[in-house]
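Asks: Have a look at this one.
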Amino acid sequence: MQLVIGKSTGEFNAIRARKHLEKITGVGPRPVGSVENEVLTVNYLLEQIQHIQAEATKGPHSISVDVQRPTGSFSIDFLGGFTSYYDKVTNVAVKLEPKAGAEHLMLANCHFDTVANSPGASDDAVSCAVMLEVLHSLANLSSPLRHGVLFLFNGAEENVLQASHGFITQHPWASHVRAFINLEAAGVGGKEVVFQTGPENPWLVQAYVHAAKHPFASVVGQEVFQSGVIPSDTDFRIYRDFGNIPGIDLAFIENGFIYHTKYDTPDRILTDSIQRAGDNILAVLKHLAMSEKLADSSEYRHGNMVFFDLLGVFVVAYPARVGTIINCMATMATFFFLGKKCTLPINGGVRYVRELACAAGVVVISWLVTLLSVLIVAVLVSLLGRSMFWYNHFYMSVCLYGAAATGKMVLIHTLAKNLYYGGVRRLELGDLFFDVSLLLWCCALVYLTQQGLCSAYVPLLMVAFPLATKLLLSREFKQRGATVLYTVLYLLGLALPYVHFIFLIWVVFEIFTPILGRSGTEIPPDLVLASLVTMGTIFLSSFFLHFIYLAKSTKWILTGLGTIFTMALILVSCGLFFPYTADPASPRPKRVFLQHTTRTFHGLDGQVERRDSGLWINSFDYTGMRYISPHVPEINDTIRTKCQEDLPFCGFPWFLPVKFLVKKNWYLPVPEVSPKSPIEFKLLSKQETDWGTTKLTFEVKGPSHMSLYLMPHPGALLSRWSFGDGTPKFDLSGEYFIFYSHGLESPPWKFWFEIQPPKTPDPSGPEGMISVAIASHYFFGEDQKTPQLNEMLQRFPKWAFPSSWVSTYHMYRY
């Protein structure tokens, strides 16, 4: 295939990038090991790079290309922790440098592989298309860059970051990399957000702020992501942990409902989004490749940055140590403001402190009661079988949970005003509860600053602007009370922090709402969403609470909110809001995994003890098979299966160690599978070591994706193995998970481990020292489907996305 490049202008051309995107996704899903990934996509990339090389021969840069196929192993603390082994996965590395050579390189990383059954336009073909066009633009510059730029098109990221590990730990160019930009996706299209930087190295954030044409960045996102709340990870971790290199992590975050599904297609990515991303990446890479700091960043390494953008117009960034000083100044100003009020004769010193403490108690109690009340509503909705009604109708979560939270807050403070503060003037109460909101935000500011979190800038905004507004309007408030003029000026003073805070809340819901559709069967999503809505309501209402005490009556507000809540609850209870849709304009698919698997269980003597076959079905959201069963009656609670604790990973072929997230499974008996390339598992040797362990050596030949499960029996200890650094890591409740993948061609997989026999065998436990299971996964090719699987897929409703493949599970005892 050939693409006409056309004349270069040195600017980023989104039209050319879109053509790259369409060519890459045109081959279909690209799992590791498939011809589509290892041959067709690689050949296309190499062909386009050769065109760029030919066009840039007279320019000031040279371009070198290397196709790397590394083999390696490492352990990673993700999904509870597991070990990864890869063999001959693919990297396409392109080095652009001045013709005189470059000692220091800036790395740009994307991945072209995909999960099974998804074309992966946003994750991550569009990033590779952007990088090809950025390479083209840089190659046609008329003046040379100070440093080199290394473009890594890696072919095994979806296999849990394997190709990036192979590059950064084994490639000779890796030692010259000083910093990196990683391009990723957690959604489809929209703006790309900077959600991780560092570690430390604040100069990288400064470079992005200075160079990016369309900045979109938030340190809040960074600290939330690095907390582990979001069940995802990127190549950023590999370069940071195994390469000790600082970097910037960017990702598309909008429309995560169709991330990793068949709907992740090029037509859903706007050309404007590609242009925006390309403009940013090109400008930032140019800036960094010309920066003196890239050559020796150690001088600029220490410290973190506070950074956030204002509606994508521009980014505010300053060193964290400066942020600490500003935070302390705001805190002192707040306490000076409140302390001065204590000294006023009208407040009586101690009396004001007591009233402030009591009012703060009322506010905190109102928070707790509101959260509890809304959670009770969420539990009721879940018990009625209406969970996730908001998945395709988000506005209804605001009508139900938002109205409940707001109404409860107003009701509690109305009761406090009428029953507890009956004899106090409304103006005094309004003033008091403004002070309470200021005090509580100031406490949050002190706590986050003390914890060293850069996100402390949020409470800083919520302290500084309201305090300044109050000081400017104090005379107006004292003389005339809560007039229309006061209200308008007050709202104008709060506009900037509130607009930014509402924007942050939008980003939170943009990310977390789709995640709740793939977070497993054990986390009640309505409780999570109700909590988020309630917390958003509490935060947003903070500086408006005093209007409740200034108002003569809240009867009409409570009546309106009560009506909205009641109507929403009735409509939701009646089941009028279906969670999923196959609407091409805005699909909200239900995610289901189907594996046609055959399970074989061997005894200590190697003989087959039991064998069965079936369709193993996993729902990746809380609703399970409730909405599927009417379409496929065979999938019902009578075929629900429980975890067999005495078998490695419950006796099922888990692709990744997520059994703690997906405990509801269905197993429908069907005829067994017969892959044309069956797995071959051999015990090569069994040796007794001088130090009292038994060393078992194995050889496996099978498809490109396999999972190995080790389960030492009670009293036995896994002491050493051939993976990673040689020390078994991440004991998952007595089990170990090893993820394996290989490229197009690879030799048989050989590995060994040593097991310490139990000193006193448990007569009631299983025979032998250890149970070993191996699962094979056929993600592509003629072995991926069976007639039974195809027939079942045809019966699933259109609004479901059943990702399916063939697998086998073999268990042995030694």
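Asks: Name every residue in the range 725-757 that is open to solvent by less than 60 Å² (accessible area, probe 1.4 Å) and under 25 Å from Asn37 (Cβ atoms), in order of residue number.
Replies: Phe737, Ile738, Phe739, Tyr740, Ser741, His742, Gly743, Ser746, Pro748, Trp749, Phe751
Asks: Return only the number of the condition from (1) surrounded by fewer than 18 Cβ atoms within 10 Å (Cβ to Cβ); (2) at pLDDT 90 or above; (3) within 15 Å of Leu439 (Cβ to Cβ) that Arg354 does not satisfy.
Replies: Of the numbered conditions (1) surrounded by fewer than 18 Cβ atoms within 10 Å (Cβ to Cβ); (2) at pLDDT 90 or above; (3) within 15 Å of Leu439 (Cβ to Cβ), the odd one out for Arg354 is (2).
Asks: Also: I'm checking my understanding of the structure. Among residues of the range 227-238 that are open to solvent by 20 Å² or more (accessible area, probe 1.4 Å) and among the polar types (S, T, N, Q), which one is modelled with the highest pLDDT?
Replies: Among residues in the range 227-238 that are open to solvent by 20 Å² or more (accessible area, probe 1.4 Å) and among the polar types (S, T, N, Q), the one modelled with the highest pLDDT is Ser227.
Asks: While we're looking at this one, here's another question. Within the bounds of the range 747-756, is there any residue that is of a type in the set (Phe, Trp, Tyr) and farther than 21 Å from Phe649 by Cβ? Quick ask: steps written out before the conclusion?
Replies: First, pick out the residues of the range 747-756 that are of a type in the set (Phe, Trp, Tyr): 749, 751-753.
Now restrict to residues that are farther than 21 Å from Phe649 by Cβ: none.
No - not one qualifying residue is present in the range 747-756.
Asks: Another question about this same structure. Quick check on the range 399-441: of everything there that is of a type in the set (Ser, Thr, Tyr) and crowded, with 20+ Cβ neighbours inside 10 Å, which residue is farthest from the chain's Cα centre (by Cα)?
Replies: Among those residues, the one meeting the criterion is Tyr421.
Asks: With respect to Val126, determine if the residue is under 25 Å from Val35 (Cβ atoms) and either assigned to a helix (DSSP H, G or I) or aromatic (Phe, Trp, Tyr) (or both).
Replies: Details: under 25 Å from Val35 (Cβ atoms): yes; either assigned to a helix (DSSP H, G or I) or aromatic (Phe, Trp, Tyr) (or both): yes.
Taking the combined requirement at face value, the residue satisfies it.
Table: residues versus (1) over 25 Å from Val92 (Cβ atoms); (2) part of a loop (DSSP other than H, G, I, E, B).
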| residue | (1), (2) |
| --- | --- |
| Val149 | no, no |
| Phe153 | no, no |
| His165 | no, no |
| Thr169 | no, no |
| Phe180 | no, no |
| Val188 | no, yes |
| Val193 | yes, no |
| Trp203 | yes, no |
| Gln206 | yes, no |
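Asks: Further question on the same structure: Only helices (runs of 4 or more DSSP H) wholly contained in the range 511-584 count here; list those with 3 or more residues that are open to solvent by 50 Å² or more (accessible area, probe 1.4 Å) and under 21 Å from Val377 (Cβ atoms).
Replies: Because the criterion is at least 3 residues that are open to solvent by 50 Å² or more (accessible area, probe 1.4 Å) and under 21 Å from Val377 (Cβ atoms), the helices (runs of 4 or more DSSP H) in the range 511-584 that meet it are 525-541, 555-573.
Asks: Could you tell me which of the residues Glu791, Glu754 is without any contact (Cβ under 8 Å) to a residue 40 or more places away in the chain and of a type in the set (D, E, K, R)? Even if it seems obvious, please write down each step before you answer.
Replies: Values: Glu754 fails: without any contact (Cβ under 8 Å) to a residue 40 or more places away in the chain.
Matching residue, one of Glu791, Glu754: Glu791.
Asks: Under the condition of being among the β-branched types (Val, Ile, Thr) and at pLDDT 90 or above, which residue from the range 5-31 is farthest from Phe112 (Cα to Cα)?
Replies: Ile15
Asks: Moving on. Look at Val463 and say whether it is of a type in the set (A, V, I, L, M), assigned to a helix (DSSP H, G or I), at pLDDT 90 or above and in contact with a Cys (Cβ under 9 Å, 6 or more places away or on another chain).
Replies: Yes: the conditions hold for Val463.
Asks: Shifting gears a bit: If you take the residues in the range 312-328 that are of a type outside the set (Ser, Thr, Tyr) and assigned to a helix (DSSP H, G or I), which one is most open to solvent (accessible area, probe 1.4 Å)?
Replies: As a first pass, look at the range 312-328 and keep what is of a type outside the set (Ser, Thr, Tyr): 312-317, 319-323, 325-328.
Now narrow it down to the ones that are assigned to a helix (DSSP H, G or I): 320-323, 325-328.
On the way: Ala320: 26, Arg321: 157, Val322: 56, Gly323: 3, Ile325: 102, Ile326: 64, Asn327: 12, Cys328: 65 Å².
Per the stated criteria, the residue is Arg321.
Asks: OK, next. Among what's in the range 30-44 and is of a type in the set (S, T, N, Q) and farther than 21 Å from Ser64 by Cα, pick the residue that is surrounded by the fewest Cβ atoms within 10 Å (Cβ to Cβ).
Replies: This residue is Ser34.
Asks: Would you be able to say whether some residue in the range 395-410 is without any contact (Cβ under 8 Å) to a residue 60 or more places away in the chain and under 20 Å from Phe565 (Cβ atoms)?
Replies: yes
Asks: Moving on. Working only within the range 714-765, note down all residues that are of a type in the set (Ser, Thr, Tyr), closer than 19 Å to Leu647 by Cα, within 32 Å of the chain's Cα centre (by Cα) and not in a strand (DSSP E or B).
Replies: The one that is of a type in the set (Ser, Thr, Tyr), closer than 19 Å to Leu647 by Cα, within 32 Å of the chain's Cα centre (by Cα) and not in a strand (DSSP E or B): Ser733.
Asks: Next up: Only one of Glu223, Glu299 is among the acidic types (Asp, Glu), under 22 Å from Gln451 (Cβ atoms) and not in a loop (DSSP other than H, G, I, E, B); which?
Replies: Glu223
Asks: Let me confirm something: among Val350, Val322, Val379, which residue is touching a residue at least 60 places away in the same chain (Cβ under 8 Å) and of a type in the set (A, V, I, L, M)?
Replies: From the options Val350, Val322, Val379, the qualifying one is Val379.
Asks: Take Thr331 and decide whether it is open to solvent by 70 Å² or more (accessible area, probe 1.4 Å) and of a type in the set (Ser, Thr, Tyr).
Replies: no
Asks: Also: Applying the selection to the range 513-533, what residues are closer than 20 Å to Ser232 by Cβ and either among the polar types (S, T, N, Q) or without any contact (Cβ under 8 Å) to a residue 24 or more places away in the chain (or both)?
Replies: Thr513, Ser519, Thr521, Val528
Asks: Further question: Considering each of Ala333, Ala283 in turn, give the residue that is at pLDDT 85 or above and closer than 14 Å to Ala464 by Cβ.
Replies: Ala333
Asks: With the condition being open to solvent by 40 Å² or more (accessible area, probe 1.4 Å), I'd like the strands (runs of 3 or more DSSP E) fully within the range 45-118 carrying at least 2 qualifying residues.
Replies: In the range 45-118, 61-68 are the strands (runs of 3 or more DSSP E) which contain 2 or more residues that are open to solvent by 40 Å² or more (accessible area, probe 1.4 Å).
Asks: So which of His777, His810 is touching a residue at least 12 places away in the same chain (Cβ under 8 Å) and under 30 Å from the mean Cα position of the chain (by Cα)?
Replies: His777
Asks: Any residue in the range 391-398 that is in contact with a Gly (Cβ under 6 Å, 6 or more places away or on another chain) and open to solvent by 30 Å² or more (accessible area, probe 1.4 Å)?
Replies: No, the conditions are met nowhere in the range 391-398.
Asks: Then there's this: In this structure, is Val194 hydrophobic (A, V, I, L, M, F, W, C), farther than 29 Å from Thr71 by Cα and open to solvent by 10 Å² or more (accessible area, probe 1.4 Å)? Reasoning before the result, please.
Replies: Values: hydrophobic (A, V, I, L, M, F, W, C): yes; farther than 29 Å from Thr71 by Cα: yes; open to solvent by 10 Å² or more (accessible area, probe 1.4 Å): no.
Criteria not met by Val194.
Asks: Please specify each residue of the range 239-255 satisfying the condition of being surrounded by 24 or more Cβ atoms within 10 Å (Cβ to Cβ) and either of a type in the set (Lys, Arg) or part of a loop (DSSP other than H, G, I, E, B) (or both).
Replies: Ile253
Asks: Looking only at the range 208-226, decide whether some residue is farther than 29 Å from Val592 by Cα, modelled with pLDDT under 95, open to solvent by 20 Å² or more (accessible area, probe 1.4 Å) and among the β-branched types (Val, Ile, Thr).
Replies: Yes, the range 208-226 has at least one match.
The values are calculated or read from the model by the stated rules, or taken from the named source; none is laboratory data. All values reported here derive from a predicted model rather than from experimental measurement. Methodologically, a virtual Cβ is constructed for each residue, glycine included, from the backbone with ideal geometry; neighbour enumeration extends over all protein chains shown. Side chains are part of the model used for accessible areas, which takes the heavy atoms of the whole protein and leaves out ligands, DNA and RNA. Shrake-Rupley method; radii C 1.70, N 1.55, O 1.52, S 1.80 Å.
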